[in-house]
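To start, the structure under review is shown below, and the notes come after it.
The values are calculated or read from the model by the stated rules, or taken from the named source; none is laboratory data. Predicted, not measured: the structure shown is a model, and the values here were computed from it. Methodologically, a virtual Cβ is constructed for each residue, glycine included, from the backbone with ideal geometry; neighbour enumeration extends over all protein chains shown.
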Amino acid sequence: MVWQFSWLLLAATVQAASLSLQSPRFTISTPDATQLRSDTLSLTEKPEPLTLGPTDTLKLTFQITESDEGKGVQPHQTFLRFYDKASGEEGIQPVRVTPGGKAKFELNMVRPPASIPPTTHNPLEVSLILGSFVHAPAQYDLFELYLPASRTPEHPDEASFHVLPAIKHTFRPEQKSPPQFVSAVFAATVLSPWLVLIGLWSKIGVKVPNLFSLSIIPFTALLGAFEVLLVWYWVDLKLGQVLLYGGILAIPTVFAGKQALYATGEWRAGRK
Amino acid sequence: MRLLSSALVTLLTLTTFSFASSSSVLVVLDPSLDRENYSIFFGGLEKRGYNLTFRAPKDTSPAITDYGVPNYDHVILFAPDTKSYAQDITPQSLVGLLSENTNLLIALSPKQTPLTSLAAEFSLILPPPETPLISHHPARSEPQTTIPVTVSSSSPILTSGIPPVWFTGAPHALGSTPMLVPILRAPAESFAADSTSDADSDALVTASEKGGEGLWAGSQMGLVTGFQTNVNSRVVFAGGVKMFSDEYATKELPSGGPPGNALFVTDVAAWVFQAKLKLRIDGVDHHRVGESEAPKMYTTNDEIVYTAHISAYDSETSTWKPYSGIDDLQLEFTMLDPHIRTSLLPVSGSPGTYQVQFRAPDRHGVFKFVLNWKRKGYSYLESSTTVPVVPPRHDQYPRFLSAAWPYYAGAISTSAGFFLFAALWLAGDVKGERKKGSKVE
């Protein structure tokens, strides 16, 4: 800041005549020419920020004079600078000045000029930059301007240069089980026919005279081993192991079964 | 596998070491530029261990490349006004150099040269030929085209507190590509114009209006702009060559005091020659919680630990050192789209290590751990590891569900029933009438 200020001091010494701004005035009007706000601009104090709607027009008029004689001049550079302090975006709009130093600028928000930077909800700082080959340069902070927010297309790769929003995966909810009591009741229902069976058996009595017969017991035992294998499969084993053990078990079972059936056949036919 | 990867890393490290220690630079210097006038810049480079070779643009030797292999690690093109070069320097060959990891420092000028069209390929939009940057601000005794430019301290490339630098040359507008790294921006009051009197002011207005060529004005323009390619080679376009000169390095500023040119060009050279902000991923690993080896495949809902090791290049010792300074690293777990994006934070107490633990999504498929960290000025960090995520095997599901009790009971009941029936039928006796002899006989 001090550095810039010292430049200004230097400017005053280097070139005799400097540029100055006379009767700056702004008007904001709607499309049906109703004036919303109109005022002269003070160069020492910024006015209340100006706000433009999407169809409003801002008119800015001023005259540039030589500070010594008050004669109007046309400087080389008469630029309006629109600067968004928050985003750092900037737009430069040259203003046409008559040889008499009079200038008029119109900003119609229906067709904003390409020089207006992309806008957000932040205000644009508007300043006037004057430069000349013969006069000392000057710069005036005019006012703050609120414009409707604009949308600018972004480069497709731009997103990967910033922190992206975090993404959380939504997991499926855990499966719900019915109350264990209900499951137990139904399991009991499924097992209840055993009660009937055992009840009826107890009435008629069961005789197994050949249970421990040498022809029968091996097959019964092997059949039992198959049942145990299946339970083991459920609890721990993998399919390959089951097929292996089952295959091994099947060979004696076939012979034992044949023997058992042969023996039963003999008994039933009454040969023994 | 691990042995192989560590061997690869070692090999890579070794090659990079040799790359860094040799650091040969070819300087293509236009004969109209006096080498003595650039002694501060070139001398500084030599002092930092760079091996400079000079050649004029039209010389045929030493060649930039031999059979497509670059002969130099870095190339400086200080021939802003040269319109014709020897055959081996064309915009295409320079792009080829960049893809072979050679870095370029290129000076432009308001003149139209082959390098102007090269700059356009890097998304820099130059003003019409012969329109240099001029600024009436601040009032000074130098011509309007000799401009003191304030250096922004926001760029990570530059050391903070560099005084304004003198600049003469052409500005450029920046395209929208994010690979551009603005290093020095034009002053807000400056603009590109070929006029020499106040009467030309209407031409500026016309240029900016519809149908005009446009107006290059304001601080959105770049004066020195870098570009980092996808293979992490770097190129810097400077709008003018004079900012590197001894004349500008010693010229007093309008506000008094020495200018920042010498410091500024040193920083620019350090960045473009990969001595600064150079990062790399040493390796990544991933495993289930409680294990240490990467499994062949993950099961849905597994808790996964992902670790990345990152180091930064230290140009003073020419070594890679673990780097924990990234606080916005993100890891994506993607299948077509990211299913999970989470921040990958540095592990305190373990330099260069970044780790995160997360639960694999309950979707199966071929997933990728994607690390894609790109920030302006820094080397891009990219890593992608493919892992399959499978549903649980048939025997990995819970086996004793309370909801299935009736079914278990049914199955066991049937099974037991069959066994009981078989045993009874075989072991039981046939009561009552036992036929004497059978019908079959």
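Residues in the range A:108-141 that are out of contact with any Phe, Trp or Tyr (no Cβ under 9 Å at 6 or more places or on another chain), of a type in the set (A, V, I, L, M, F, W, C) and either over 21 Å from residue B:189 (Cα atoms) or in contact (Cβ under 8 Å) with a residue 12 or more places away in the chain (or both): A:109, A:110, A:133, A:134, A:136, A:138.
I need every pair where a residue in the range B:403-432 that is closer than 17 Å to residue A:213 by Cα has its Cβ under 7 Å from the Cβ of a residue that is surrounded by 15 or more Cβ atoms within 10 Å (Cβ to Cβ) and of a type in the set (Gly, Ala, Ser), sequence separation at least 6 or different chains. Once the first residue is closer than 17 Å to residue A:213 by Cα and sits in the range B:403-432, its partners that are surrounded by 15 or more Cβ atoms within 10 Å (Cβ to Cβ) and of a type in the set (Gly, Ala, Ser) give B:426/A:260.
Return yes or no: is residue B:183 buried (at least 20 other Cβ atoms within 10 Å of the Cβ), outside any strand (DSSP E or B), in contact (Cβ under 8 Å) with a residue 24 or more places away in the chain and more than 10 Å from chain A (Cβ to nearest Cβ)? When the stated conditions are applied, residue B:183 does not pass them.
If you check B:168, B:159, B:116 for being closer than 23 Å to residue A:76 by Cβ, of a type in the set (Ser, Thr, Tyr) and either surrounded by fewer than 20 Cβ atoms within 10 Å (Cβ to Cβ) or at pLDDT 90 or above (or both), only one passes: B:168.
Annotation: residue B:395 fulfils all but one of (1) touching a strand residue (DSSP E or B) at 6+ places or on another chain (Cβ under 9 Å); (2) among the charged types (D, E, K, R); (3) more than 25 Å from residue B:156 (Cα to Cα); (4) at the interface with another protein chain (Cβ under 7 Å from one of its Cβ atoms); the unmet one is (1). Out of curiosity, is residue A:191 surrounded by 13 or more Cβ atoms within 10 Å (Cβ to Cβ) and not in a helix (DSSP H, G or I)? So residue A:191 does not fit the description; no. Can you find a residue that is touching a Phe, Trp or Tyr at 6+ places or on another chain (Cβ under 6 Å), without any contact (Cβ under 8 Å) to a residue 12 or more places away in the chain and outside any loop (DSSP other than H, G, I, E, B) anywhere in the range B:195-209? Within the range B:195-209, one or more residues are touching a Phe, Trp or Tyr at 6+ places or on another chain (Cβ under 6 Å), without any contact (Cβ under 8 Å) to a residue 12 or more places away in the chain and outside any loop (DSSP other than H, G, I, E, B).
Within the range A:52-59, identify whether any single residue is basic (Lys, Arg) and within 14 Å of another protein chain (Cβ to nearest Cβ), and answer yes or no. Looking for residues that are basic (Lys, Arg) and within 14 Å of another protein chain (Cβ to nearest Cβ), one finds none in the range A:52-59, hence no. Of all residues in the range A:23-35, those satisfying the criterion of being assigned to a strand (DSSP E or B) and either outside the structural domain of residue A:63 (by TED's automatic domain parsing) or without any contact (Cβ under 8 Å) to a residue 40 or more places away in the chain (or both) are A:25, A:27, A:28, A:29, A:35.
Total residues in the range A:106-139 satisfying the condition of being more than 12 Å from every other protein chain (Cβ to nearest Cβ) and either in a strand (DSSP E or B) or surrounded by fewer than 13 Cβ atoms within 10 Å (Cβ to Cβ) (or both): the figure is 7. Anything in the range A:156-172 that is assigned to a helix (DSSP H, G or I) and within 7 Å of another protein chain (Cβ to nearest Cβ)? List them, or say none. Once the filter is applied, which keeps residues that are assigned to a helix (DSSP H, G or I) and within 7 Å of another protein chain (Cβ to nearest Cβ), the range A:156-172 yields A:158, A:160, A:161.
Could you list, in sequence order, the residues of the range B:222-239 that are touching a strand residue (DSSP E or B) at 6+ places or on another chain (Cβ under 6 Å) and in a loop (DSSP other than H, G, I, E, B)?
So the first thing to find is which residues in the range B:222-239 are touching a strand residue (DSSP E or B) at 6+ places or on another chain (Cβ under 6 Å), and the list is B:222-228, B:233-239.
Within the range B:222-239, B:233, B:239 qualify.
Residues that are touching an Asp or Glu at 6+ places or on another chain (Cβ under 9 Å) and either closer than 18 Å to residue A:167 by Cα or among the polar types (S, T, N, Q) (or both) within the range B:360-384 comprise B:360, B:368, B:369, B:370, B:371, B:372, B:373, listed in sequence order. Within the range A:243-272, if we keep just the residues that are more than 8 Å from chain B (Cβ to nearest Cβ) and among the aromatic types (Phe, Trp, Tyr), the residue that is surrounded by the fewest Cβ atoms within 10 Å (Cβ to Cβ) turns out to be A:262.
Taking every residue in the range B:59-84 that is assigned to a strand (DSSP E or B) and pairing it with any residue that is at pLDDT below 90, at least 6 positions away or on another chain, the pairs with Cβ-Cβ distances below 8 Å are B:65/B:88; B:74/B:23. When restricted to residues that are among the acidic types (Asp, Glu) and within 9 Å of chain A (Cβ to nearest Cβ), the range B:372-392 contains 0.
Within the group B:173, B:139, B:192, B:188, which residue is touching an Asp or Glu at 6+ places or on another chain (Cβ under 9 Å) and either within 14 Å of another protein chain (Cβ to nearest Cβ) or not aromatic (Phe, Trp, Tyr) (or both)? Show your work before the answer.
Working: B:173 fails: touching an Asp or Glu at 6+ places or on another chain (Cβ under 9 Å); B:139 fails: touching an Asp or Glu at 6+ places or on another chain (Cβ under 9 Å); B:192 fails: touching an Asp or Glu at 6+ places or on another chain (Cβ under 9 Å).
Of B:173, B:139, B:192, B:188, the one residue that is touching an Asp or Glu at 6+ places or on another chain (Cβ under 9 Å) and either within 14 Å of another protein chain (Cβ to nearest Cβ) or not aromatic (Phe, Trp, Tyr) (or both) is B:188.
Just one of (1) over 44 Å from the mean Cα position of the chain (by Cα); (2) over 21 Å from residue B:207 (Cα atoms); (3) at pLDDT below 90 fails for residue A:110. It is (1). Determine if the range B:313-332 includes at least one residue that is at the interface with chain A (Cβ under 9 Å from one of its Cβ atoms), surrounded by 13 or more Cβ atoms within 10 Å (Cβ to Cβ) and over 30 Å from residue B:159 (Cβ atoms). Yes, some residue in the range B:313-332 is at the interface with chain A (Cβ under 9 Å from one of its Cβ atoms), surrounded by 13 or more Cβ atoms within 10 Å (Cβ to Cβ) and over 30 Å from residue B:159 (Cβ atoms).
Does the range A:212-243 hold any residues that are of a type in the set (S, T, N, Q) and within 14 Å of residue A:256 (Cα to Cα), and which are they?
At the first step, the residues of the range A:212-243 found to be of a type in the set (S, T, N, Q) are A:213, A:215, A:220, A:241.
A:213, A:215, A:220, listed by residue number.
Within the range B:254-308, the residues that satisfy the criterion of being in a loop (DSSP other than H, G, I, E, B), within 14 Å of chain A (Cβ to nearest Cβ) and either out of contact with any Phe, Trp or Tyr (no Cβ under 8 Å at 6 or more places or on another chain) or under 24 Å from residue B:394 (Cβ atoms) (or both) are B:256, B:257, B:258, B:260, B:300, B:301, B:302.
Among the residues of the range A:193-220, how many are facing chain B (nearest Cβ under 10 Å) and either at pLDDT 90 or above or within 19 Å of residue A:251 (Cβ to Cβ) (or both)? Lay out the reasoning, then the answer.
Restricting attention to the range A:193-220, the residues satisfying the condition of being facing chain B (nearest Cβ under 10 Å) are A:193-194, A:197, A:201, A:206-213, A:215-217, A:219-220.
Checking which are either at pLDDT 90 or above or within 19 Å of residue A:251 (Cβ to Cβ) (or both) leaves us with A:193-194, A:197, A:215-217, A:219-220.
Total satisfying the criteria: 8.
The set of residues in the range A:70-99 being facing another protein chain (nearest Cβ under 8 Å), part of a loop (DSSP other than H, G, I, E, B) and of a type in the set (D, E, K, R) consists of A:89, A:96. Only a single item in (1) more than 8 Å from every other protein chain (Cβ to nearest Cβ); (2) touching a residue at least 40 places away in the same chain (Cβ under 8 Å) is not met by residue A:175, and it is number (2).
Just one of (1) under 28 Å from residue A:47 (Cα atoms); (2) charged (D, E, K, R); (3) touching an Asp or Glu at 6+ places or on another chain (Cβ under 6 Å) fails for residue A:141. It is (3).
Residue by residue through the range A:36-69, note down the ones that are of a type in the set (A, V, I, L, M) and part of a loop (DSSP other than H, G, I, E, B). Answer for the range A:36-69, where residues must be of a type in the set (A, V, I, L, M) and part of a loop (DSSP other than H, G, I, E, B): A:41, A:43, A:52. The single condition from (1) more than 10 Å from chain B (Cβ to nearest Cβ); (2) within 30 Å of residue B:139 (Cα to Cα); (3) at pLDDT below 90 that residue A:102 fails is (3).
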